[in-house]
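*Asks:* Take a look at this one; I'll ask things after.
What follows draws every value from the coordinates through simple rules; no lab data is involved. Quantities reported herein were computed from a predicted structural model and do not represent experimental measurements. Quick reminder, even Gly has a Cβ in these numbers, built from the backbone with ideal geometry, and neighbours come from all protein chains shown.
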């Protein structure tokens, strides 16, 4: 079975202890998925607080105002850690890793008015960037600007191919495919709100399936969402799950980091 460790990530390992790994991307410090702590085993509450303190100190030095972390694959947070996270106003979420053999892809409706292309020319890149910029404005102008650099880096990457779907001359959906072995990973799959339920996502996936050359297709999706349910209807198969916790901090919280006095589980 495919695991989350086999999916594509854009970060470097900066610290590893007996119970966690800390990853960081200096070129994309504002992108949560590129700056994350992953537990190798379920920590005790005491161990969790040790890791949290060290991560918050690092984030302060790097001027990052958030914490993003994952528990062990296919295991929930322990009850005591989950209670602590909720008491500290973390948001807890779950993601599923899904896979499909392209020949099993199922759909009821298609939209022949949609044209799906690889983003290759400068004009196609401009269309792609404009679409993503408008999509990201919901998270603020600063975030939308920073993500443009992220997309430009991906455009020049040999491991990633960007895709756009056009309807009536406008981009209405996009996706990235990660060209790894032995599968192709769908990432950053987006359809404009005003264009949903029009077969845009289906056409993008049909296009991707045609490129696979007998490789399996995988993707990560938030559990319990409409998209999650759609993929199951399309015959994607469950390959695993992982739970995450996320929190943004105010400057005052970063300057007043609580410390544990226990030395039984040192991370040094």
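*Asks:* Given a Förster radius of 25 Å and the C-beta distance between residue 238 and residue 214 as r, what FRET efficiency does 1/(1 + (r/R0)^6) yield to the nearest 0.05?
*Replies:* Values: r = 22 Å, r/R0 = 0.86.
So the FRET efficiency works out to roughly 0.70.
*Asks:* Same structure, new question: Using a/c under 1.5 as the rounded threshold, could you call segment 104-251 rounded, prolate or oblate? The axes a ≥ b ≥ c are square roots of the C-alpha gyration tensor eigenvalues, and prolate needs a/b larger than b/c, oblate otherwise.
*Replies:* rounded
*Asks:* Another question, then. Taking 0.36 nm per residue of sequence separation and subtracting the Cα-Cα distance, how much length would be gained by fully extending the chain between residue 180 and residue 94, in nm to one decimal? Working shown, then result.
*Replies:* On the way: separation 86, 0.36 × 86 = 30.96 nm, distance 2.43 nm.
Once the chain is fully extended between residue 180 and residue 94, it gains 28.5 nm.
*Asks:* A further question follows. Compute the separation of the alpha-carbon centres of segment 144-177 and segment 9-76 and state it in Å as a whole number.
*Replies:* 27
*Asks:* Which three numbers, in whole Å and largest first, are the semi-axes of the equivalent ellipsoid of segment 1-153 derived from its Cα gyration tensor as √(5λ)?
*Replies:* 34, 22, 15
*Asks:* On C-alpha positions alone, give me the angle between the axis of helix 141-155 and the longest principal axis of the chain, in degrees, nearest 10.
*Replies:* Roughly 70 degrees, rounded to the nearest 10.
*Asks:* Still on this structure: Taking 0.36 nm per residue of separation and subtracting the Cα-Cα distance, what length does fully extending residue 80 through residue 63 add?
*Replies:* Stretched out fully, the residue 80 to residue 63 stretch lengthens by 3.2 nm.
*Asks:* How high is the relative contact order of the chain, given as a whole-number percent (alpha carbon pairs under 8 Å, six or more residues apart)?
*Replies:* Working: 446 pairs, mean separation 77.2, N = 268.
Relative contact order, the chain: 29 percent.
*Asks:* Determine, for 47, 73, 80, the number of other Cβ atoms within 10 Å of each Cβ, and report the residues in order from fewest to most.
*Replies:* In order of increasing Cβ crowding within 10 Å: 80, 73, 47.
*Asks:* Now for a different question. Counting other C-beta atoms within 10 Å, which of 241, 232 has the fewest, and how do the rest follow? It would help to have the intermediate numbers written out before the result.
*Replies:* Details: 241 16, 232 13.
Result, fewest neighbours first: 232, 241.
*Asks:* How far is helix 200-211 tilted off the main Cα axis of the chain, in degrees rounded to 10, range 0 to 90?
*Replies:* Tilt relative to the chain: about 90 degrees.
*Asks:* Helix 45-61 sits at what angle to the longest principal axis of the chain, using alpha carbons and giving 0 to 90 degrees rounded to 10?
*Replies:* The angle comes out near 70 degrees.
*Asks:* For residue 112 and residue 1 in the same chain, what is the full-extension length gain: residue separation times 0.36 nm, less their Cα-Cα distance, in nm? The partial results should precede the final answer.
*Replies:* On the way: separation 111, 0.36 × 111 = 39.96 nm, distance 3.50 nm.
Separation in residues times 0.36 nm, less the Cα-Cα distance, equals 36.5 nm.
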